[in-house]
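Reviewing the structure listed below.
The values are calculated or read from the model by the stated rules, or taken from the named source; none is laboratory data. Note that the structure is a prediction, hence the values are computed from the model and not measured. Counting neighbours? That spans all protein chains shown, and the Cβs are built from the backbone with ideal geometry, glycine included. Side chains are part of the model used for accessible areas, which takes the heavy atoms of the whole protein and leaves out ligands, DNA and RNA. Shrake-Rupley method; radii C 1.70, N 1.55, O 1.52, S 1.80 Å.
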Amino acid sequence: MTQLALVIDLNVCVGCHACVTSCKEWNTSSEPGPLLDENPYGKDPTGTFFNRVQTYEIGEFPNTETLHFPKSCLHCEDPPCVPVCPTGASYKREKDGIVLVDYDKCIGCKYCTWACPYGAREIDEKQKVMKKCTLCVDRLYDEALPEAERKPACVLACPTSARIYGDVHDPESEVSTAIREEGGYQLMPEWGTKPSNHYLPRRKTRMHIHEDELVRADNPLKQEDIRHETSKEVTLDDWF
Amino acid sequence: MHPAFSVIFLTTLIGAGQGLFLALFTSESYAAVGLLPKQSHTFYAVGAFLALLLLIAGLIASVFHLGRPERAWRAASQWRTSWLSREVIALPLVMGLVALYALIHLFEWNPMFLGYSFGDKVTLILGGVTSAAIFALFLCTGMIYAAIRFLKEWFSPLTIINFILLGGASGFVLATVYSSYYAPNLINFFGLWAIAITLIAWFSRSASLARNARIKSTSTIQTAIGVRHTQIQQKSMGMMGGSFNTREYFHGKTLFFLKSVKWIFIVLTFPVPILLLWTGMQIDQQPLLLTAFVLQYTGLLFERWLFFAQANHPQNIYYQTV
Ligand code: SF4
Ligand code: SF4
């Protein structure tokens, strides 16, 4: 079984919102019609988005860290939003595990939003149907696109490659390797929803520089410093 | 959660309608075994039509909750997994049965089944079936809320019990008012039942209020974003003008407002109607009984508002600062 998903590396996300805008751009121009924008240039603009980037501050000043946190539907393996849907509009695809809404069947009762603990679904106030991240299902299999572009729009847009896309059920895939080796984790594991999307934690990046690397013991310039006596010791450069 | 008036009216109206039918049928079955004086067919027919009216009003209210009501028929398809779908089936079923019950009484029909005539028991049997359907409908309505495990305020059998008791209470109070017009010899029967059910509902709704007051959220900001640190503060929720997430899941009112609603509903739903019913029965005053129903129903609107407002969705953790 395939389970397509995203792995989001919080260590490299810089919070630039490129994934948010590219997601909106792709999905607002795709087949099901525009994603609503209300008051886009006025006070309190609002609208439907599939993806948002939030920001958190961890720790107490001055020992703080900033965490940028992209948030979208996690395409849960056991999605609680699906069985509650009275119309069958919400479903999880057998083929690749993507959780989708059939906009032609949805009655906009919002029951699924109550059942998603992550708040990943947003109603489109104009079309009056439920919308959520589709993992750009309309890109993934589109043969008209070059193969390298058959990926979610957010993944292509991310300037720091913080978003990795692939099959989390294939142990050899890039996403599985990242989850395994970089400590990938799921959000709110306590509810047993088994989100397919994983997050990679913040890591401390430390450089290990030995003193030797900063001050070269046998620096030839020092050896031949005319202000001092020339050393009798053999320098590295003598070998060449 | 943000309380939606469509759902508040839907649940309180059908609750009263269901309760009213149960009250009528209780009196009919008591009368069948000679514990109560028999009533005319019209009494049951008009009463059941009244219940049907309430159910229809609830159904109309529910339509306002849907974004695409023209597709509502699809909602019956997922009865295997969805309690909402089950309710969508149960509600018309109950309406149909109540209508049939009313018609049989009205025209004093005596339909034959497989060449067998039930005589005057036909409405008793049909009433029993209808009552079972009504309880099934209460179960569906309650389970819509009680089945969502993230909403801990609702995730309890008390949710279903309260729906049954509160619907039952308002229905029996309404039956008391109704009987004061058309069957004065039933006022005491309905009135005492109404008082008893209201008292039990008072107890069980207080139990759920006490339970809600002690609920601790399972999810924390730590599990929500997966960072193990005791000091985490949200600095931005990713948008400034609000979104569906900030509108649908928050009641947007102050704690004081919530507290006021709580006391208003407790006073209006329980002690006041009980007092009015009791005095109304003693001094035989119709207006008092009618006031009891109106005030209790108003109280139930406040009750249902608080029921929604009190439910704290785990997604709210992600929306703490603009
Ligand atoms: S994140 Fe929410 S909407 Fe997405 S699959 Fe999981 S429960 Fe459903
Ligand atoms: S809003 Fe649409 S997708 Fe969600 S539960 Fe209702 S019908 Fe299903």
Among the residues of segment B:208-257, what is the count of those that are open to solvent by 50 Å² or more (accessible area, probe 1.4 Å) and at positive phi? 1
Determine whether segment B:60-74 contains at least one residue that is within 16 Å of B:F135 (Cα to Cα), in a helix (DSSP H, G or I), open to solvent by less than 60 Å² (accessible area, probe 1.4 Å) and more than 16 Å from ligand 2 (Cβ to nearest atom). no
Hey, among the residues in segment A:118-133 that are outside any strand (DSSP E or B) and closer than 17 Å to A:G88 by Cβ, which one's nearest to the chain's Cα centre (by Cα)? A:K132
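Can you tell me which of A:L140, A:L187 is within 14 Å of chain B (Cβ to nearest Cβ) and among the aliphatic types (A, V, I, L, M)?
A:L187
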Could you list, in sequence order, the residues of segment A:118-162 that are of a type outside the set (A, V, I, L, M, F, W, C), within 16 Å of ligand 1 (Cβ to nearest atom) and within 18 Å of A:Y199 (Cα to Cα)? A:Y118, A:G119, A:P152
Taking into account only those residues within segment A:173-193 that are open to solvent by less than 20 Å² (accessible area, probe 1.4 Å) and assigned to a loop (DSSP other than H, G, I, E, B), which is farthest from ligand 2 (Cβ to nearest atom)? A:S173
Can you list residue pairs whose Cβ atoms sit under 6 Å apart, with the first residue in segment B:72-97 being without any contact (Cβ under 8 Å) to a residue 40 or more places away in the chain and the second being basic (K, R) and within 15 Å of ligand 2 (Cβ to nearest atom)? Count only pairs 6 or more apart in sequence or on different chains. B:R74/A:K105; B:W79/B:R86
Look through B:W263, B:W305 and report the one residue that is open to solvent by 60 Å² or more (accessible area, probe 1.4 Å) and assigned to a helix (DSSP H, G or I). B:W263
I need the strands (runs of 3 or more DSSP E) fully contained in segment A:31-117, keeping only those with at least 1 residues that are open to solvent by less than 10 Å² (accessible area, probe 1.4 Å) and more than 16 Å from ligand 2 (Cβ to nearest atom). A:51-58, A:65-72
Members of segment A:95-111 found to be more than 11 Å from ligand 1 (Cβ to nearest atom) and in contact (Cβ under 8 Å) with a residue 60 or more places away in the chain, listed by number: A:K95, A:D96, A:Y103
B:I56: part of a helix (DSSP H, G or I) and either away from chain A (no Cβ under 12 Å) or open to solvent by less than 60 Å² (accessible area, probe 1.4 Å) (or both), yes or no? yes
